[in-house]
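The values are calculated or read from the model by the stated rules, or taken from the named source; none is laboratory data. If you're wondering where the values come from, they're calculated on a predicted model, not measured in any experiment. When we count neighbours, we look across all protein chains shown, and the Cβ atoms used for this are built from the backbone with ideal geometry, even at glycine. When the accessible area is computed, the model is the full protein with side chains, heavy atoms only, and any ligands, DNA or RNA have been set aside. Shrake-Rupley method; radii C 1.70, N 1.55, O 1.52, S 1.80 Å.
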Amino acid sequence: MTLDSSVSELRGVGEEVSRKLEILGVRTVADLLDYVPRRYDDYSQIDEINKLKPGMVTVQAKITQATGRYVRRGMHVTEAIASDDSGSVRLVWFNQPYRTNAIKAGKDYYITGEFGMRRTKLSILNPSAELVSDFPVNTARIVPVYRETKGLKSAQIRKLLREAIPLVRNLPETLPEWVIEQYNLMPRSAAFEMMHFPADAKLLAHAKRRLAYEEVFSLSLASLLNKYELLQKKAVAISFQEKLARDFTDSLSFNLTDQQRKAAWQIYQDLAKTTPMNRLLEGDVGSGKTVVATMAAIMAVEQGFQVAFMAPTELLARQHYQTIQTLLKPLKLTKKVGLLVGGLKKSAKQSMQKRIKAGDVQIIVGTHALVQEKVTMQNLGLVIVDEQHRFGVEQRKSLQAKAEFMPHVLAMTATPIPRSLALTLYGELDISLINTKPQDRKPIKTSICSPNSRAALYKTIDKELEAGRQMFVVCPLISESDSFPAQSAEQVYEKLSSRDFKHRRVGLLHGKMKAADKESVMDEFVRGKLDILVSTTVIEVGVDIPNATVMLIENADRFGLAQIHQLRGRVGRSSHQGFCYLMLSDSTQPSRRLRALESSTDGFALAELDLEIRGPGAIYGTLQHGALDLRVAKLTDVKLIAAARSGAQAFIDHQENLLHYHELHERIKKLRAVTNLN
């Protein structure tokens with residue numbers, strides 16, 4: 001048997017077990033070894049029977065023959081007596097009739113289970129029991145607990161791993177010997193054995209440190225290699241024109257914040273170099289990233305370059321197009337801005353493609369339609385990608401391939417990234433941060449609401465609508481679903497328009513509508529022809545309606561913290577006070593996450609909390625499709641992250657050949673695609 005062998009070659013893995021392992025992503029023996037426990041239960045403390053206290057206990061004792069019987073309603077009960085030198089205790093198993101024949105009377109067993117009262121008698125209930133040996137699997141040790149699926153429990157997974165131990169001990173090393181020595185790391189084979197069958201807490205901690213180090217080391221190395229590859233490429237310098245920058249800022253109807261000015265200056269400095277810019281503009285919702293991006297775009301346009309401004313949805317692309325048109329109107333540059341999205345009529349699309357090819361349009365705003373072969377750029381110098389994580393790497397590369405030289409890249413995200421996550425993911429990427437909002441914006445008032453308070457809430461909201469403001473109502477579903485009981489947009493639209501707000505103008509927007517219908521509804525809302533817009537999360541990012549001041553989120557407990565923060569950012573985008581109401585599914589106590597949203601409007605603080613509560617995957621999933629796969633590393637471990645990043649840099653400085661480390665090379669290949677903005 002080898003690491004590449006199917007798990008079906010392990011003893012005890014038939015067709016059914018093999019199918020269930022596949023549900024967990026385990027197909028080969030290597031997958032099984034790589035299946036990291038989600039937690040551990042410590043059963044290593046062995047107690048004498050006469051000293052047992054209620055709770056989980058482990059004893060070493062002889063078991064007298066087990067007896068089984070059926071009781072009322074078909075339940076089967078198996079009972080036995082376990083004894084050591086200090087006394088005896090009753091063992092009870094429910095609906096495990098096989099125990100009767102499996103127990104070997106008079107043999108020594110390790111027994112682990114819940115010690116407590118059962119029908120006026122103290123007993124150990126449903127214990128694990130295995131013969132005393134040098135290598136117990138389910139008892140008398142620190143026991144790993146795995147993510148399970150129906151019909152496949154951790155005990156079965158541990159049994160299979162026990163059989164694979166000889167292969168664990170022969171696992172190939174993935175890191176250079178000097179890295180292991182310099183950073184005091186456990187060998188990889190020992191680390192995997194200790195992860196699955198830890199001898200003690202200290203060795204488990206060493207194993208976790210080794211595997212966590214390798215996770216961060218791999219990410220850092222991928223990020224560094226991307227950076228050095230980029231440094232080899234040439235871009236055309238776009239020099240800073242002070243008069244143009246001043247003319248633009250003077251034409252604005254508002255003052256830029258200090259952080260907007262700082263971010264714009266950092267971008268201008270990057271554009272002036274002959275190495276391609278690779279900058280992430282990270283700003284909380286409503287912080288004014290589009291203005292900064294437009295400042296970069298006009299500098300490129302002034303010097304004869306085209307700018308591709310790519311957004312993930314037509315809705316957002318149209319919003320950006322309108323915003324940029326408004327910003328450039330005083331400078332009389334609106335004719336240089338064009339929109340190219342899939343929803344355009346064929347003739348309009350062909351006309352725009354001709355204008356782009358001729359260079360008449362210099363700022364092209366669009367969706368993935370920009371990467372199509374029919375679109376020919378004349379002189380692409382700058383690529384701006386909003387919510388870049390929503391695009392595949394190949395789509396971004398297709399867009400860049402339209403340039404004769406490497407274009408400068410400015411990526412933007414409204415998802416606040418905790419510093420530790422940004423450092424690990426994009427450690428070698430230049431980051432500009434905007435975490436303050438324009439001075440005239442008031443903090444959004446957020447309230448958690450019980451369904452019982454709906455009538456009173458609607459009265460409060462109606463007063464706001466009476467004053468001429470508008471409201472979003474966001475639902476987790478488009479249509480009703482038996483498998484996911486929650487408010488649907490269609491259902492809520494019907495109720496509001498025919499009953500609760502029948503005196504108001506109510507619209508419906510969701511992802512399954514035709515592009516023209518979506519555009520029509522959104523246009524009505526923008527022009528104030530609708531008071532209420534019932535929607536799904538299609539309005540999560542970028543939608544800018546200054547007159548909208550109320551956000552009602554139905555089944556708020558079904559949404560992630562970061563997602564609610566994004567939705568909340570759709571209101572309060574003017575001098576009017578914004579309100580966000582989080583409607584619970586029922587009257588139970590709200591979660592810690594929702595309470596945090598009620599007390600804080602700081603997206604970065606909330607992202608840190610999400611990281612603490614749900615781990616990096618929760619945040620990373622909203623950032624970019626790909627496999628961050630930090631299963632062991634904790635982003636709060638600053639020392640480990642620093643050591644792993646230092647090791648990755650040293651790996652490059654040593655001029656190590658990555659091809660000499662097959663597994664590491666394969667992982668780095670995947671991670672370079674995940675961490676690369678280019």
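Summary table
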{"item": "Sites matching trypsin sites (Lys or Arg not before Pro) across the stretch 444-498 that sit in DSSP coil, with at most 13 neighbouring C-beta atoms within 10 Å", "result": "none"}
{"item": "Cα shape, the stretch 220-279, gyration tensor, a/c 1.5 rule", "result": "oblate"}
{"item": "Solvent accessible area, Å² - S574, 1.4 Å probe, full protein context", "result": "20 Å²"}
{"item": "Share of pairwise Cα separations in the chain, more than 45 Å, in percent", "result": "36 percent"}
{"item": "Which listed pairs, of K459/K495; K445/K502; K233/K402; K402/K518; K332/K518, have C-alpha distances above 20 Å, in listed order", "result": "K445/K502; K402/K518; K332/K518"}
{"item": "In the stretch 118-190, trypsin sites (Lys or Arg not before Pro) in a DSSP loop with at most 14 other beta-carbon atoms within 10 Å", "result": "R119, R147, K150, K153, R169"}
{"item": "Centre separation in Å (Cα based) which lies between the stretch 260-295 and the stretch 442-475", "result": "36 Å"}
{"item": "Too-long pairs where the Cα-Cα distance tops 24 Å, listed order kept, from K289/K442; K53/K159; K349/K514", "result": "K53/K159"}
{"item": "Volume in Å³ per residue [convex hull over Cα atoms, computed for the stretch 141-251]", "result": "250 Å³"}
{"item": "Where the stretch 70-140 is the region considered: accessible area per residue in Å², 1.4 Å probe", "result": "54 Å²"}
{"item": "Nearby lysines by direct alpha-carbon distance to K639 (threshold 19 angstrom, same-chain neighbours under 8 apart not counted)", "result": "K202, K208"}
{"item": "Share, in percent, of DSSP beta bridges within the chain that are antiparallel, nearest 5", "result": "40 percent"}
{"item": "Percentage relative contact order, the chain, counting C-alpha pairs under 8 Å, at least six apart", "result": "13 percent"}
{"item": "The chain: DSSP helices with Cα axial extent of at least 15 Å and average Kyte-Doolittle hydropathy no lower than 0.0", "result": "201-231, 289-302, 603-614, 638-653"}
{"item": "Relative pair counts by distance (%), Cα atoms of the stretch 69-150, 10 Å bins", "result": "15, 45, 33, 7, 0"}
{"item": "Per-selection Rg to Rh, the stretch 429-541 - Cα, Kirkwood hydrodynamic radius", "result": "1.02"}
{"item": "E9 accessible area, 1.4 Å probe, all protein chains in place, Å² to nearest 10", "result": "110 Å²"}
{"item": "Cα-only Debye scattering, the stretch 102-204: base-10 log of I(q)/I(0) at q = 0.09, 0.12, 0.14, 0.21 Å⁻¹", "result": "-0.34, -0.56, -0.71, -1.20"}
{"item": "Restraint check, K335/K529; K234/K669; K354/K669, Cα-Cα greater than 31 Å", "result": "K354/K669"}
{"item": "Helix-derived mean residue ellipticity, 222 nm - over the chain, DSSP H n ≥ 4, -39500 (n - 2.57), to 500", "result": "-11500 deg cm²/dmol"}
{"item": "Residue-normalised accessible area of the stretch 452-602, given per residue in Å² at a 1.4 Å probe", "result": "44 Å²"}
{"item": "Solvent-accessible surface (1.4 angstrom probe) belonging to M75, in square angstrom, nearest 10", "result": "80 Å²"}
{"item": "Sulfur and carbon atoms: percent of accessible area, the chain [1.4 Å]", "result": "49 percent"}
{"item": "Surface accessible to a 1.4 Å probe, per residue, for the residues of the stretch 244-306, Å²", "result": "36 Å²"}
{"item": "Rounded Å value of the spacing that divides the Cα centres of the stretch 13-61 and the stretch 135-174", "result": "7 Å"}
{"item": "Rounded Å value of the spacing that divides the Cα centres of the stretch 183-225 and the stretch 540-595", "result": "40 Å"}
{"item": "Pairs of alpha carbons in the stretch 1-138 whose separation is greater than 23 Å (percent)", "result": "48 percent"}
{"item": "Neighbour net charge for D284 - beta-carbon separation under 10 angstrom, K R +1, D E -1", "result": "0"}
